[in-house]
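What follows is a short report on a single structure.
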């Protein structure tokens with residue numbers, strides 16, 4: 001058994017006393033100094049936001065100075081560090097104590113803007129300010145952020161969400177809800193009171209009549225226009241209401257079975273004064289259609305010819321004014337005036353009718369030819385007559 | 001590039017043969033000169049300087065009796081051989097074992113990278129607990145209690161020193177704990193140091209084997225925090241039978257620890273010594289091509305230092321042998337006190353004194369001096 005000698009006991013006692021003495025010096029004589037007055041080895045007290053952290057390396061920033069710590073801290077949290085300055089130029093610090101502190105102990109900047117995310121997260125003021133982290137708020141939501149600018153980013157320490165913008169501001173995010181009434185680029189949305197244009201991301205398609213929610217950056221041109229940067233900002237939430245034709249308002253789908261009274265780029269129908277676009281049919285065809293109501297027209301969503309005009313009955317013995325009808329019979333005589341206007345008497349043996357042949361029609365049938373025509377009953381010198389709207393609406397001997 | 005390697009070797013030689021100059025202190029001094037980023041050239045300079053230092057720091061450990069923390073446990077065997085006139089043989093062992101460790105380390109680089117990537121802070125903490133336990137339990141009888149006492153005293157000392165405004169805390173701590181006690185106990189020795197030949201009196205096969213064991217322990221030392229070369233050497237001492245095999249392990253650990261430290265830094269970004277901290281500040285990360293260049297620098301530096309290291313040591317050894325040993329040691333003591341005062345004034349001196357008292361107590365209690373590593377270990381255990 002080795003016994004402690006007096007010298008050993010004294011040395012151990014002296015070392016304990018020395019350590020205590022050093023402890024007292026450390027606790028009292030060395031009050032932390034501000035970073036700007038610190039020298040290498042000085043004890044410093046620094047409060048800042050963690051603006052960089054990777055593995056065991058972190059950087060704290062207080063809006064003026066940075067310190068480097070060889071500790072793992074959480075990004076964008078605010079910390080108070082008491083530690084020893086290891087390097088005056090690089091401000092590397094050996095931390096002795098690290099406490100997470102409330103952000104209000106720091107002199108932070110605050111910015112109000114709208115949260116935005118694409119490849120990174122931003123605050124739009126409407127200037128784009130890159131944020132150190134994404135916020136847990138809806139894209140486009142107005143938010144007040146507290147933090148510090150460091151490098152090219154704003155390091156967010158805290159934030160207060162303030163809801164979505166209620167009126168559009170140029171360059172700021174805006175969310176709209178409405179019905180797609182035009183689906184070519186830019187698409188047009190009817191929000192119940194106005195038309196809004198939107199440029200969608202590449203390959204993002206919407207159907208006419210879709211009820212949608214769209215978030216985009218607003219541009220206040222003559223029409224409010226949204227620039228949408230992500231397909232996830234386009235949500236189809238339903239379909240427009242379908243109502244019988246004539247009862248629809250803008251943004252509703254009109255449904256009806258009607259006869260074409262005028263053909264061309266758009267169709268005139270006998271059931272509405274509005275033109276129907278986006279579908280092709282012949283004068284006299286009876287069509288069934290679902291069309292989205294725009295400001296002054298309808299646009300076909302789903303349209304079919306229900307009864308082709310060829311299947312209409314021969315109306316030569318049952319003239320009805322104001323309705324597109326078909327006549328079929330043999331040409332009994334033809335008379336052409338000097339001004340090019342012509343008349344043809346068409347009969348089916350039982351009844352006859354005078355067919356008006358204006359010069360613009362460019363058709364002069366021969367006697368005994370079989371004539372099929374689509375048009376309206378009208379009068380000629382107070383006698384019943386038949387008027388053909390265009391060359392496409394007359395067939396001679398089966399040739400149309 | 002060659003210019004920077006040669007400059008590094010030159011600086012490393014100066015610091016290597018200077019007593020009490022720890023690699024971290026060296027990095028700190030050099031760091032104050034390197035004010036602007038110098039690119040990869042500075043990395044080469046610092047690395048070759050640190051590597052050269054590991055080859056030559058056996059010189060002060062052997063001739064001055066002032067060990068640095070890494071070689072603390074080697075003091076007694078090295079001194080024993082020096083007193084037998086075999087001081088130059090110790091230097092020869094250091095140079096050759098370090099060269100072999102450098103070669104082995106380069107061969108073990110790939111498995112080491114895989115190992116280093118699996119290292120976690122938790123594993124490090126567990127290792128520190130095990131080491132602390134190992135330090136105490138390997139003592140016998142009541143000495144276990146003394147070891148525990150010294151470990152706790154050193155640990156408390158480390159915690160207190162951390163809070164003091166010191167520029168070079170590790171200089172005062174390590175020189176006080178390990179260096180000054182050795183020199184104090186050698187003050188009574190005024191025999192002149194005899195210098196015989198430098199031939200290593202050990203079979204080549206055995207030398208190779210122990211150098212390889214040392215390299216493996218160096219690998220471990222570079223992975224675990226606070227697991228110093230001294231502790232690695234302590235483990236190695238269970239394999240060694242005499243002073244020469246022990247020293248072979250110690251010197252191999254020292255150099256391989258430094259080289260594996262670089263590889264660890266490349267693979268994980270972790271810094272295990274002051275030189276690497278400085279490199280990280282100046283130039284990070286290293287590319288694979290740059291690592292290969294540093295491997296070539298390793299071979300070049302190791303070869304060059306081996307080429308002139310022996311002749312230089314012989315020249316310095318002969319000069320020292322002509323001086324009164326007590327006066328020499330007293331001069332070194334004065335140098336240390338002056339350095340301590342220069343770095344941190346009276347507070348530095350006070351820390352040095354406290355560390356010395358703990359170090360002297362350790363020696364008097366006849367327990368392993370590496371128990372004083374509690375100065376770093378307790379801090380990690382409590383974190």
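The values are calculated or read from the model by the stated rules, or taken from the named source; none is laboratory data. Bear in mind that the values here come from a model prediction, so they are computed numbers and not experimental data. Cβ coordinates were reconstructed from backbone atoms using ideal geometry, including for glycine residues, and neighbour counts include every protein chain displayed.
Sort through A:12, A:98, A:25 and tell me the only one that's out of contact with any helix residue (DSSP H, G or I) (no Cβ under 6 Å at 6 or more places or on another chain) and at pLDDT 85 or above.
Going through A:12, A:98, A:25 in turn, the sole match is A:98.
Can you work out which of the residues in segment A:135-165 that are without any contact (Cβ under 8 Å) to a residue 24 or more places away in the chain and assigned to a loop (DSSP other than H, G, I, E, B) is farthest from the chain's Cα centre (by Cα)?
A:152
Hey, among A:62, A:109, A:118, which residue is in contact with a helix residue (DSSP H, G or I) (Cβ under 9 Å, 6 or more places away or on another chain), farther than 26 Å from residue B:120 by Cα and away from chain B (no Cβ under 13 Å)?
Selected residue: A:62, the only one of A:62, A:109, A:118 that is in contact with a helix residue (DSSP H, G or I) (Cβ under 9 Å, 6 or more places away or on another chain), farther than 26 Å from residue B:120 by Cα and away from chain B (no Cβ under 13 Å).
Would you kindly identify the strands (runs of 3 or more DSSP E) lying entirely within segment A:36-134 that contain at least 3 residues that are surrounded by 15 or more Cβ atoms within 10 Å (Cβ to Cβ) and outside the structural domain of residue A:215 (by TED's automatic domain parsing)?
A:43-54, A:57-61, A:66-69, A:78-87, A:92-100, A:109-117, A:121-124
From the residues in segment B:120-161 that are surrounded by fewer than 17 Cβ atoms within 10 Å (Cβ to Cβ) and farther than 20 Å from residue B:370 by Cβ, which one is nearest to the other protein chains (Cβ to nearest Cβ)?
B:121
Name every residue in segment B:11-38 that is at pLDDT 85 or above and either out of contact with any helix residue (DSSP H, G or I) (no Cβ under 8 Å at 6 or more places or on another chain) or closer than 17 Å to residue B:339 by Cβ (or both), in order of residue number. Break it down stepwise before answering.
First, pick out the residues of segment B:11-38 that are at pLDDT 85 or above: B:11-18.
Hits for segment B:11-38 are B:14, B:15, B:16, B:17, B:18.
Determine whether segment B:41-63 contains at least one residue that is over 19 Å from residue B:311 (Cβ atoms) and at pLDDT below 75.
no
Would you mind stating whether residue A:304 is at pLDDT below 95 and outside any loop (DSSP other than H, G, I, E, B)?
No.
State all residues of segment A:282-298 that are out of contact with any helix residue (DSSP H, G or I) (no Cβ under 8 Å at 6 or more places or on another chain) and either crowded, with 22+ Cβ neighbours inside 10 Å or within 15 Å of residue A:244 (Cβ to Cβ) (or both); if no residue qualifies, say none.
The answer is A:287, A:288, A:289, A:290, A:291, A:292, A:293, A:298.
So which helices (runs of 4 or more DSSP H) are wholly in segment B:120-207 and hold at least 3 residues that are closer than 30 Å to residue A:35 by Cα and under 24 Å from the mean Cα position of the chain (by Cα)?
Numbers: elements: B:121-137, B:143-162, B:169-174, B:180-185.
Once the helices (runs of 4 or more DSSP H) in segment B:120-207 are filtered for at least 3 residues that are closer than 30 Å to residue A:35 by Cα and under 24 Å from the mean Cα position of the chain (by Cα), what remains is B:143-162, B:169-174.
Going through segment A:352-364 one residue at a time, which ones are assigned to a loop (DSSP other than H, G, I, E, B) and at pLDDT 90 or above?
Across segment A:352-364, the qualifying residue is only A:358.
Name the one entry in A:68, A:143, A:137, A:49 that is within 14 Å of chain B (Cβ to nearest Cβ) and touching a strand residue (DSSP E or B) at 6+ places or on another chain (Cβ under 8 Å).
Within the list A:68, A:143, A:137, A:49, the selection yields A:68.
Residue B:180 - would you say it is more than 11 Å from chain A (Cβ to nearest Cβ), in contact with a helix residue (DSSP H, G or I) (Cβ under 9 Å, 6 or more places away or on another chain) and surrounded by 21 or more Cβ atoms within 10 Å (Cβ to Cβ)?
Answer is yes for this residue.
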